[in-house]
Each structure stands twice: as structure tokens, then as C-alpha cells.
Amino acid sequence: MKVVSLFSGAGGLDLGFIAAGNEIVWANDLYGDAVETYRANIGDHIVCCDIAEVPSAEIPDCDIVIGGFPCQGFSVANMKRHESDSRNKLYLQLLRVIRDKKPRFFLAENVKGILHFLGGRAYEQILEDMRALGYRVKSRLFNVADYGVPQKRERVVFVGVRNDIDFDYEFPAPTHDKDGANGLSRWVGVGAAFAGIPDPDKPNNVPNHVYSKYKLNFNGYIGHRPLDPEKPAPTVTARGDDKGGVVILPHPSNRRRMTGRELATVQSFPFDFEFKGPLSSVYRQIGNAVPPKFAEAVARQFNAYQGGVMK
């Protein structure tokens with residue numbers, strides 16, 4: 001498929017769609033460091049600007065529009081979230097592009113907290129808005145650990161199929177299970193995921209393999225809890241945009257913080273994917289991303305479509 005990607009960030013969702021055999025023809029984000037990361041690793045087709053300032057006519061035609069629309073206003077990690085938070089309205093830009101470009105499909109991603117924000121009214125309004133554009137819409141809550149990502153991260157995925165398209169999208173079945181039940185593989189532990197990553201305190205050529213010196217203080221609060229190397233890491237979080245704070249997970253040795261490279265591994269980014277910008281920005285880009293391994297799983301489900309030629 002030809003893909004238009006909104007709120008692309010460093011490109012985690014895009015990497016998954018590319019791995020599934022698709023072509024990103026246009027991408028957009030406002031965060032400069034993330035755009036530089038995207039250009040260095042994926043391509044020059046990304047535009048750095050506010051999507052609200054881009055006329056739909058300047059966006060290429062496509063088969064699908066994808067976007068993990070900014071979620072901080074909906075997230076349970078944002079204790080100050082409010083109905084008037086401007087970030088809660090950015091999904092309207094996603095709807096605007098879908099309405100004007102009329103792709104066969106769309107896929108949107110957001111945090112679990114969106115299900116309960118305003119007592120569930122925000123979620124129901126989003127579904128209503130999406131369906132009003134002329135699409136059959138389904139959504140599901142996922143834990144990415146069920147798809148081989150070494151992280152417990154719950155996200156809601158929305159998929160829309162244009163009403164005139166004869167295709168029933170099926171969400172991907174899990175490949176992993178917490179206990180390895182039903183013939184599935186066990187969840188990937190963070191210790192196993194880090195096998196082969198060199199000690200960052202010794203000479204190496206691994207990109208982004210430096211860590212914050214922010215001290216560990218195991219007091220039970222987020223970012224201050226010991227990690228079990230046999231289990232997936234907790235959710236990688238990045239609170240806000242380039243002005244917001246970042247929660248940096250401890251290394252499973254529980255003696256230091258994770259390096260940027262290790263945190264990217266928790267998010268299933270390729271080992272040679274290099275993030276641009278200072279360390280705080282690297283952490284933030286990683287925390288805001290969709291895990292590419294999970295993104296590939298949901299993207300591959302579109303490959304069953306046989307109703308038209310998509311090249």
C-alpha cells in the first residue's frame with residue numbers, strides 16, 4: 001500500500017508498515033529531533049511542520065492513512081489531563097486528512113487511558129466521528145508483549161475500512177503469552193532482549209549507547225521500581241512533547257538507568273536505528289514511539305486484502 005503517516009515521530013509505526021511490504025509516500029511531525037531521526041533512518045519524505053497548516057491538497061493520495069495521534073492529553077500518566085487540553089483535539093487533524101483523501105483504510109493508535117477519559121465519552125465520540133466519515137470502524141486494546149515485544153505496553157488500535165471496500169480487517173492473533181499457554185511462546189524478558197548488547201561503560205560503537213546518571217531510588221514510584229530480567233519491561237513512557245519530562249527505566253541489573261540503545265531495544269527498534277538529538281530527546285522519541293514489531297503485526301493483516309491493486 002501507499003501510506004500517509006501523521007504524527008510520525010521517530011517512525012516506529014512506519015517501520016512496521018515498511019516491514020510488512022508497504023511504501024510510506026508522505027509523513028509529518030512537528031518535533032524537529034524526531035524528524036531528523038526519521039530522515040536519517042527511513043527517508044526524506046517527512047515534512048516538519050504543524051499538520052494543521054498543511055492543506056489536504058498538498059498531501060499525496062494513498063491507500064491508507066496511519067497515525068499514533070498525540071496521546072498525552074488522554075494518558076493516565078498525565079494526572080493533569082483535562083477535556084480542554086489542546087492535544088486531545090489533534091485527532092481531528094487525522095480525521096480531516098482521512099475525510100479529504102478518502103483512503104481505502106486508516107489505522108490509528110492511542111493509549112489505554114483513552115478508553116476511560118471523561119467516563120468513556122471521548123472514546124465513543126472518536127468512534128462516532130470516524131464512522132461518520134464513511135468507514136466501518138473497529139478497535140481493540142492490545143498488550144504489545146503478546147507480540148514478542150519485551151515490554152508490557154497496552155495500546156488501543158482503531159482500524160477503519162471504507163464502506164465501499166469489500167474487506168473485513170482481522171486483528172492479529174497473539175504470538176506470545178505471559179505463561180506460554182496454548183502453544184504460544186512466553187513473553188520475552190528484558191534480560192534476554194539485552195543479550196549481546198555490550199557494557200556501555202566499556203569502549204563500543206553502538207549508537208545511542210549512553211545512559212542518564214539520574215540516580216536510582218527504589219521507592220515504588222514510576223521509574224523507581226526494580227526490573228525483573230525474566231519479565232518484559234514496564235511501559236516506556238515520555239510525558240509530553242519536547243518540553244515535557246521523561247521516565248527512564250532502570251537497567252535490569254538495577255544498578256543504573258537504561259541507555260538509549262537499551263530503551264530502543266525494549267521498544268523493538270532495530271539495533272542499527274540511530275536516534276538524533278541530545279540524550280533527553282532520544283529517550284523522549286523512544287518513549288513516544290509505537291513498537292515496530294507490534295506495528296508490523298497489525299500492518300500485515302492488511303495484506304489479505306484482494307479487492308484492488310495496491311502498488
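Things to note:
- Comparison of Asn182, Asn219 shows that the only residue that is out of contact with any Ser or Thr (no Cβ under 8 Å at 6 or more places or on another chain), in a helix (DSSP H, G or I) and free of Cβ contacts under 8 Å to residues at least 24 places away in the same chain is Asn182.
- Matching residues in segment 113-151 - criterion: being charged (D, E, K, R) and surrounded by fewer than 19 Cβ atoms within 10 Å (Cβ to Cβ): Arg121, Glu124, Glu128, Asp129, Arg131, Arg136, Lys138, Arg140
- Just so you know, in segment 234-250 the residues that are of a type in the set (Gly, Ala, Ser) and part of a loop (DSSP other than H, G, I, E, B) include one that is modelled with the highest pLDDT, and it is Gly245.
- The residue that is surrounded by the most Cβ atoms within 10 Å (Cβ to Cβ), counting only those in segment 163-186 that are touching a Lys or Arg at 6+ places or on another chain (Cβ under 9 Å) and more than 18 Å from Phe302 (Cβ to Cβ), is His176.
- Single condition Glu124 does not satisfy, out of (1) of a type in the set (Asp, Glu); (2) modelled with pLDDT under 95; (3) in a loop (DSSP other than H, G, I, E, B): (3)
- Here Ser280 clears all of (1) of a type outside the set (A, V, I, L, M, F, W, C); (2) outside any helix (DSSP H, G or I); (3) over 20 Å from Gly16 (Cα atoms); (4) in contact (Cβ under 8 Å) with a residue 24 or more places away in the chain except the condition numbered (2).
- Matching entry among Lys231, Lys213 (being in a loop (DSSP other than H, G, I, E, B), at pLDDT 85 or above, among the charged types (D, E, K, R) and in contact with a helix residue (DSSP H, G or I) (Cβ under 8 Å, 6 or more places away or on another chain)): Lys231
- Across segment 1-50, the qualifying residues are those that are under 20 Å from Lys102 (Cα atoms) and among the hydroxyl-bearing types (Ser, Thr, Tyr), and the one among them that is surrounded by the fewest Cβ atoms within 10 Å (Cβ to Cβ) is Ser5.
- The set of residues from segment 273-295 being touching a Gly at 6+ places or on another chain (Cβ under 7 Å) and surrounded by fewer than 22 Cβ atoms within 10 Å (Cβ to Cβ) comprises just one member, Leu279.
- Residues in segment 187-199 that are under 25 Å from the mean Cα position of the chain (by Cα) and surrounded by 11 or more Cβ atoms within 10 Å (Cβ to Cβ): 9 in all.
- At least 2 residues being in contact (Cβ under 8 Å) with a residue 24 or more places away in the chain is the threshold, and among the strands (runs of 3 or more DSSP E) wholly inside segment 1-58 those reaching it are 2-6, 23-29.
- A count restricted to segment 182-194 and to residues that are among the aliphatic types (A, V, I, L, M) and modelled with pLDDT under 95 stands at 0.
- Among the residues examined, Asn208 qualifies as within 30 Å of Ala40 (Cα to Cα) and either under 26 Å from the mean Cα position of the chain (by Cα) or modelled with pLDDT of 95 or more (or both).
- Any hit, segment 84-93, residues being surrounded by fewer than 16 Cβ atoms within 10 Å (Cβ to Cβ) and at pLDDT 90 or above: no
- Boolean, Val4 is β-branched (Val, Ile, Thr) and closer than 14 Å to Cys62 by Cα: yes
The values are calculated or read from the model by the stated rules, or taken from the named source; none is laboratory data. The model shown is predicted, which means the values in this text are computed figures rather than measured ones. When we count neighbours, we look across all protein chains shown, and the Cβ atoms used for this are built from the backbone with ideal geometry, even at glycine.
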